[in-house]
Each structure stands twice: as structure tokens, then as C-alpha cells.
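Below you'll find the structure, written out as C-alpha cells, and then a few comments.
Only the coordinates and a few stated rules stand behind these numbers; no lab work does. These numbers were taken from a predicted model, which means no experiment stands behind them. Every residue, glycine among them, receives a Cβ derived from its backbone with ideal geometry; neighbour counts consider all protein chains shown.
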Amino acid sequence: MTTRRAILTGAASVAMTGWASAEQRPHRLAYLVPASPAANELNQRALFGALAELGYREGHNLVVERRFADGRLDRLYALAAELVALKPDVLFAAGSQATLAASKATTTVPIVFVAVSDPVGMKIIKALRRPGTNATGLSNQAEEFQIKILQLLKEVFPSASRVALLHDPTNPSLVRMLPTLKQAATTLALNLKMIEARSPEDLVPAFSLLKSEPPDVLYVLSAAFFVSQRGRIVELVNAQRQVAVYGQNDFADAGGLMAYSFSVIEQYRSGATFIDKILKGANPAGLPVEQPTRFELVLNLKTAKAQGVTFSPAVLLRADRVIE
């Protein structure tokens, strides 16, 4: 288990911000993510950088207790319970499964979540505009943008008909959207084949199956487990020279061919605003959940060249970011 405890230093040196003083106790923030510290580094930097801009500095007026599941999502419930037992002022959770674990662990500690696919359907909140529970934060409109990826896939690879879908059957938000994805695939004349992986040990067998029955395109859904294993997944995909598209842009940065998603880093930064409001007295039950307004298509031309894939000029023009 990975645990990092902040060390309090020099309370007298804390800069006055209008809401804190050297005499007040530091705020306590719990931090729960499904990935490893290394895989989560950029996102952590985004959140704590934004908190620093708002006047919260770890080691001065902020104590942070971190728990990382290291891709073992079955550990999230125990980790959430550990954090709740420490009585934090706010519990920050990333992704649907970490947030669900947090909401099961407490109905009183305020929870700020990011990148949650269907917080209402998962009963984490009652409504987007007025959550009505101890949780609020940022949703990711997963169903809409993952359907959009199927549409982009058909546009970029018009001759594709057989699509393998790598998904995690233990992820409740993915399970809920599968019927909608299947219906969208039928409309696009795509034949979907489900490939399951729920733990790191499942990845090699999954890719062995892909190698024995190669699809035209592999579609890796956006899921906390897959993101936590993105380096290994991209390595396996590229080793087989498999054409693949991804539901999160971190994969393209890791060497994946093509990805489309909202900005996870921006969601982490925005999460700091929710934490700030709650620490200043706001009730999460009345803070509306925000949804992404900007999505990004990323193409990795280095990987395309290695795999012999050529993007049309029209697709290149549509790209928001190109990695060369």
C-alpha cells in the first residue's frame, strides 16, 4: 500500500489569505485514485498547483493523505474506508469506481469527484444541478463522447467493419453504457466483439485473443483500470501493430495512435475550485456538478508511420493536437 503523509512545517510562516491564519489548524484533504503515483503524477500536479493558486499549500496550511490503488480497483473500498477514518475535511476521488467507493464509505465527509461517467445513475448524487448528497464535482459525459469515438473511427477508417472493444466488466459505468454503444455500432455497420480485462493479469490473455482473431480496429474504452495500465496497453497494441483508438488522450501521449476525450488535467484543476468552496463552508449538496465543454482529438503521427497508417488531410485538419 502506498501512503504519503504530509509533514507540517512552520505554521507561523503561513501567508495570510483572508480565510486562514497561523493559529488555525491546517485543512485535511484525503486523496483517492485508482492509478499508481507515477501514472497519476501529471494529474496530481494539476490539482495541487490549482490549490496553491487558491492559497492552499501542502506542508503549511494543508495536510494531504493519499491512497493509490495501483490499478487494483478491488482495493478502492478499503482505501476509501481508511481515508474516511482519518476524518478529512474533504475527500477527493478520481474516476467512477473510486468515487463510488468513497460514497459507500461515508455519507457525511464532503466528496469532490472528477471524471465520473454517470453519477446520477450510480446513485452517487440525486441530480446534476442539485446533487443532494455529500458529493459533487465533475462528470465526463462518457456515453456521449465514447459514441463519438465510434463515429470518428468509422470516418477515419471507413472500410472497418470488425471492431474489438476492450472493456472492464467490473466498471459499473461502462456496463451501463454498453447497450447504447452496441446500438450505435449497429447504426454505423460495425460488428462489435467484447474483449474483457479486469486486472493486470488479464491483459496478456486479452491481447493473445486479439492476435488470434485480429479486428480491423481495437477500441480501448475510457476506464480507470485501463488508464492506470495505459503504458502497458499501448506497448501490447503497438507490438502487434494493431490499429487502435482510445477513449482518453493520455493513451496518445503514451504512444497510442488516436484518442478522443475531454481534458482530464482540466478536470483535476477544476476540482480544486470545488475543494476551495467546500473548505470555505459550501455544502456539496447544493453545488451543481459540472460537465466538460471541450473535447480534443489527438493523433500520434509517429505511431501512424510505424504502423503504416495514413490519416487523410481532412482528418489531420480536424485534429486538435498532433504528436510528431
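Observations on the model:
- Alpha carbon centroid spacing (whole Å) that separates region 207-253 from region 47-114: 29 Å
- Least to most buried among His60, His167 (fewest other Cβ within 10 Å first): His60, His167
- Between Ser161 and Lys305, the contour length at 0.36 nm per residue exceeds the alpha carbon distance by 49.6 nm.
- Length added when fully stretched, Leu86-Val204, from 0.36 nm per residue minus Cα-Cα: 38.7 nm
- Set Lys211/Lys305; Lys154/Lys193; Lys123/Lys193; Lys148/Lys277; Lys154/Lys302; Lys154/Lys182 screened for pairs whose C-alpha atoms are more than 24 Å apart: Lys123/Lys193; Lys148/Lys277
- Relative contact order of the chain, pairs being alpha-carbon contacts under 8 Å that are 6 or more residues apart, as %: 19 percent
- Placing +1 on each Lys and Arg Cβ and -1 on each Asp and Glu Cβ, with no other charges, gives the chain a dipole about its Cα centre of roughly 360 debye.
- From helices alone, the chain scores -11000 deg cm²/dmol at 222 nm; the rule is -39500 (n - 2.57) for each run of n ≥ 4 DSSP H residues, then divide by the residue total.
- Against the main long axis of the alpha-carbon atoms of the chain, helix 172-187 sits at an angle near 30°.
- By the beta-carbon count within 10 Å of each Cβ, the least crowded to most crowded order of Ser103, Ser212, fewest first, is Ser212, Ser103.
- For the chain, the antiparallel share of DSSP beta bridges with both residues in that region comes to about 20%.
- For Asp253, net neighbour charge (Lys/Arg +1, Asp/Glu -1) across residues whose Cβ lies under 15 Å away: -2
- Proximal charge balance of Leu76 [Cβ under 10 Å; K/R count +1, D/E count -1]: +3
- FRET efficiency for Leu54 and Ala314, using Cβ-Cβ distance with R0 set to 51 Å, rounded to 0.05: 0.75
- Charge sum, other residues only, whose C-beta stays under 14 Å from Glu201's C-beta, Lys/Arg counted +1 and Asp/Glu -1: -2
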